[in-house]
Amino acid sequence: MSTCSQKVRFVLEEKGLPWEGKVVDLHGGENFSPEFLKLNPKGVVPVLIDNEDVILESNNICIYLDDKYPQAPLMPGTPKGRSDVRTLLQWMDEQVHHDISACTYPIAFRPGVLKTYDTPEKLETYILQVPDVGKRNFRREIMSSGIECAAFKTAVPRLATVLERLNHILQNSPYLVGDQLTVADIAYSPCITRLDHLSMGIMWEDKPAIIDWHERIQATTGYEKGIRAFFVANVIENMTSKGNAAKQAVSELLGQAK
Ligand SMILES: N[C@@H](CCC(=O)N[C@@H](CS)C(=O)NCC(=O)O)C(=O)O
């Protein structure tokens, strides 16, 4: 259910490339094991192993796959188009992915983490496994305050601004860059799916261009085989019911931002 892994599987399936998956138990901290950290010192998924080569960073992996396996191209044919895709991916790396985590963890994952790591000592041991010090603080804040934390309160209005921007693009174009599916659409669609699972659809219910675009994306082979086929029902049920409980807080944050 990791949004970053979803986009890589989307690309693999859209291109019809053969691949084998290995599930990494994030909740159990398998991503912090010495074996995994040897592959990715940041301790995050996805990791692509292509023959002997280890490729990191989901957006980078998508572009790598498109470069190396040119069938069903997912990058535009012009320098301007490619530059527009890279801009959207950079915004995602700088902010959007962080804000999606800042919604998912406080709303949906926090209760499960607090149940598994059920003493302050166990929780701190879990947090200290995170290689990045800034991310440790982010996780501590989320675990201590849930949807009252500053990260959540910043993420909701900031994601609303991103959705405004996407809506503006999609009012004039069937896809985020030009008239064909690109890595930009593939990178952003799991975010919409995640917010939807978190019962946060209020954020784009007045944006028909986003609704139409996402329907188009969901009808692709890549989404069907790379994302929907891997849905885990009980994880989605947990996100949706916890998201329902947070709906009021989300609409208040959206209201304050107007
Ligand atoms: N910038 C990285 C972010 C990867 C990332 O944060 N992955 C999440 C899942 S979407 C993860 O592994 N989280 C586990 C953790 O942080 O403990 C990418 O795009 O690949």
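Details
- Measuring between their Cα centroids, segment 148-196 and segment 58-76 lie 20 Å from each other.
- Overall form of segment 202-258 per C-alpha gyration tensor (a/c, 1.5; a/b vs b/c): oblate
- Residue-averaged 222 nm ellipticity for the chain, from DSSP H runs of 4+ at -39500 (n - 2.57), nearest 500: -19000 deg cm²/dmol
- Remark: segment 1-96 carries a charge dipole of roughly 260 debye about the Cα centre, counting +1 on each Lys and Arg Cβ and -1 on each Asp and Glu Cβ.
- A straight Cα-to-Cα reach below 27 Å connects Lys38 with the lysines Lys7, Lys22, Lys68, Lys122, Lys135, residues fewer than 8 places away in its own chain not being considered.
- Here segment 79-257 has an Rg and Dmax of 17.1, 53 Å, counting Cα atoms alone.
- Accessible surface area normalised per residue over the chain is 50 Å², counting heavy atoms of protein chains with a 1.4 Å rolling probe.
- Sum of side-chain charges, Ile227 neighbourhood, beta-carbon under 13 Å (Lys, Arg +1; Asp, Glu -1): 0
- Global form of segment 3-68, assessed from the alpha-carbon gyration tensor, a/c cut-off 1.5: prolate
- Per atom type, segment 1-147 shows carbon and sulfur on 56% of its accessible surface, probed at 1.4 Å.
- Sequence of Glu14, Glu205 from largest to smallest accessible area, 1.4 Å probe: Glu205, Glu14
- Magnitude of the charge dipole for segment 177-255, about its Cα centre and with charges confined to Cβ atoms of Lys, Arg (+1) and Asp, Glu (-1), is about 260 debye.
The values are calculated or read from the model by the stated rules, or taken from the named source; none is laboratory data. Just so it is clear, the structure is predicted and the values come from calculations on it, not from any experiment. When we count neighbours, we look across all protein chains shown, and the Cβ atoms used for this are built from the backbone with ideal geometry, even at glycine. Quick note on the areas: whole protein, heavy atoms, side chains included, nothing else; ligands and nucleic acids left out. Shrake-Rupley method; radii C 1.70, N 1.55, O 1.52, S 1.80 Å.
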